[in-house]
Every structure is written in structure tokens, then in C-alpha cells.
Amino acid sequence: GGQGAVGYSYFLAKAGSPDYLLATETSLLSLPLSVDVAFSYRSFTPIMKIGDDYTLLVALPGSPITSCADAVAQSRGRRVLAGISGAVGPDAVAQSRGRRVLAGISGAVGPDAVVFSQMERVAGADFDTVPYEGGGETLAAVLGGQVELASLNPSEVVGQLRAGQLKALCVFADQRYTYPELAGIPTSVEQGVPVSFAQFRGMIAPGGLNPQAAEYWIGVARRFADSPAYAEYVESEFLQPRAAFGEEFTAYLRDNEGLLAQVVRR
């Protein structure tokens with residue numbers, strides 16, 4: 001609940017216990033930057049970054065927008081509305097002149113909001129926002145024609161891409177995916193829009209662990225990364241398998257927090 005705030009707050013009370021793990025993602029960083037919560041990533045013990053989840057910019061097949069670069073160009077000439085999660089984001093619905101372009105994102109400072117914000121900052125796009133509770137609502141909005149654009153994870157939209165119900169305009173990454181279903185989708189960078197941001201997937205333990213307990217869980221995580229189960233999970237979720245453990249994961253969180261802070265405080 002609350003974009004993960006309920007779970008993280010519950011986990012905060014498990015400090016010192018070696019018996020718990022929690023699945024985590026970018027909300028671990030975005031929540032403390034955007035709302036008043038009692039935790040940050042420093043409150044916990046980072047164990048493993050499982051992989052990276054780069055979002056796709058998608059639209060209905062009949063949309064006149066044909067690429068990420070085209071979305072930027074059209075946003076300069078007509079109002080583009082982008083949706084953000086109502087749980088942590090403002091209501092940014094705006095009136096437009098002429099035909100409106102509606103774009104949906106879920107998460108005020110999550111990966112969706114970051115990529116739209118970066119398109120504005122580095123490419124001169126002009127997007128407004130419409131709030132949605134999460135990726136499921138955003139997907140329904142773009143399928144229903146309430147929004148024209150959405151930034152969504154591959155696992156959320158691959159079924160609609162296969163069925164021809166949506167088209168992918170780009171992936172916000174430096175390199176293309178190699179999965180057959182996604183390999184034909186150009187990157188935003190290829191299209192002249194230098195925007196790349198990944199939602200991480202990972203595991204954390206409670207804070208205040210003794211070093212032996214932390215090393216135990218990091219060892220378990222390393223064995224998991226070498227197992228068929230890890231490969232199966234990464235493939236099923238269309239992740240880039242970029243694992244990091246312990247201090248390396250902590251360093252990633254620190255750097256990623258700095259990037260998100262630029263979006264929140266701009």
C-alpha cells in the first residue's frame with residue numbers, strides 16, 4: 001500500500017532481525033524524496049540488486065506519434081498530458097489549446113516520471129500529467145484512449161504488444177533489449193533523445209544486522225544469481241540481468257537517489 005510505504009514501515013520495525021527479507025524497487029528511493037516517511041534506503045541492509053527494468057513508451061496503434069523523438073516534437077506544438085500516481089503525486093491535469101495528447105505514468109518520482117522529466121530537461125519536451133494509482137490503471141487508460149502515451153515496464157505491456165493492441169515507440173535505455181519480443185524496439189538514445197533510466201528490482205534485509213547475518217544473506221543471494229531460478233525470473237520479467245550485492249548495491253542506491261533527487265527538487 002501507499003506505493004510501498006506500508007511495507008517499508010512495517011519492515012523498519014524488524015531492525016536487527018536476521019529472519020526477514022523484503023523485495024524492493026525504486027520506491028525505496030522515491031518515497032523518502034517525495035513524502036514524509038520514517039525511512040530511507042539507509043534504514044535497511046541492501047542485499048542484492050536483481051536486475052534493471054527499463055520502461056517502454058507506448059501508444060495505441062493508431063496514434064499519430066510514431067517514435068520517442070516524435071513525441072518530443074509534438075509536445076512542443078500541442079499540450080501533452082502525462083499521468084502520475086495519485087498516491088504520491090500532484091493532480092497535474094491541464095487544459096489545452098486544440099487537440100490534447102494524454103500520456104500516463106504511475107509514480108510521481110518513479111521511473112515513469114523520471115523519463116518524462118528527463119525528456120523535458122534534455123530534449124525540450126513539454127508534458128503535463130494525469131495521476132493514476134499504478135501501472136495497471138495507466139495501462140487501462142492508454143488502452144481506453146483516455147491518455148495517448150504511457151511509460152510502462154515491458155512485463156506490464158508485452159501481452160498487448162503481441163496482440164497488436166499497443167505499439168512501442170522506444171525503450172528508455174542505452175541499449176536495446178535482446179528478448180525476441182523487444183529486440184525490434186529502438187532506444188530513445190538511438191532516436192536522438194538521450195534519456196535512460198531503469199527501475200531496479202532487488203532484496204533488502206532489516207537494518208541493524210550484525211555483519212555475520214548480512215554476509216550470510218549476501219552469500220545466499222550470490223548463489224541465487226548463479227541458479228536457474230534467477231535466470232527464469234529475469235527472463236519472465238524481461239529484466240536486464242545486472243546483479244549487485246552488498247556494498248555494490250548500496251553504492252548503486254546512493255547514486256540512483258542523487259538522480260531522483262534532481263527530479264524531485266528541480
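Structural remarks
- Evaluated with a Cβ-only charge set (Lys, Arg +1; Asp, Glu -1), the chain carries a dipole of roughly 600 debye about its Cα centre, given to the nearest 20.
- Principal axis dimensions, segment 119-171 - Cα atoms, whole angstrom, descending: 33, 22, 17
- For the chain, share of DSSP beta bridges that run antiparallel, in % to the nearest 5: 70 percent
- One compactness figure for segment 171-253 is 1.35, namely its Cα radius of gyration divided by 2.2 N^0.38 Å.
- Within the shell of other residues whose beta carbon sits under 13 angstrom from the beta carbon of Gly202, the net charge comes to -2, with Lys and Arg scored +1 and Asp and Glu -1.
- Distance from segment 14-30 to segment 219-266 (C-alpha centre basis), Å: 13 Å
- When Cα Rg over 2.2 N^0.38 Å is computed from the coordinates, the matching label among (1) 1.02; (2) 1.19; (3) 1.08 is (1).
- Exposed chymotrypsin sites (Phe, Trp or Tyr not before Pro) absent - longest run of the chain, DSSP non-H/G/I/E/B, at most 16 other C-beta within 10 Å: 40-266
Read the figures in this text as sums done on the coordinates, not as results from a lab. Only a predicted model underlies this, so the values are computations on that prediction, with no experimental measurement involved. Ideal geometry is used to build each Cβ from the backbone, glycine not excepted, and the neighbour counts take in all protein chains shown.
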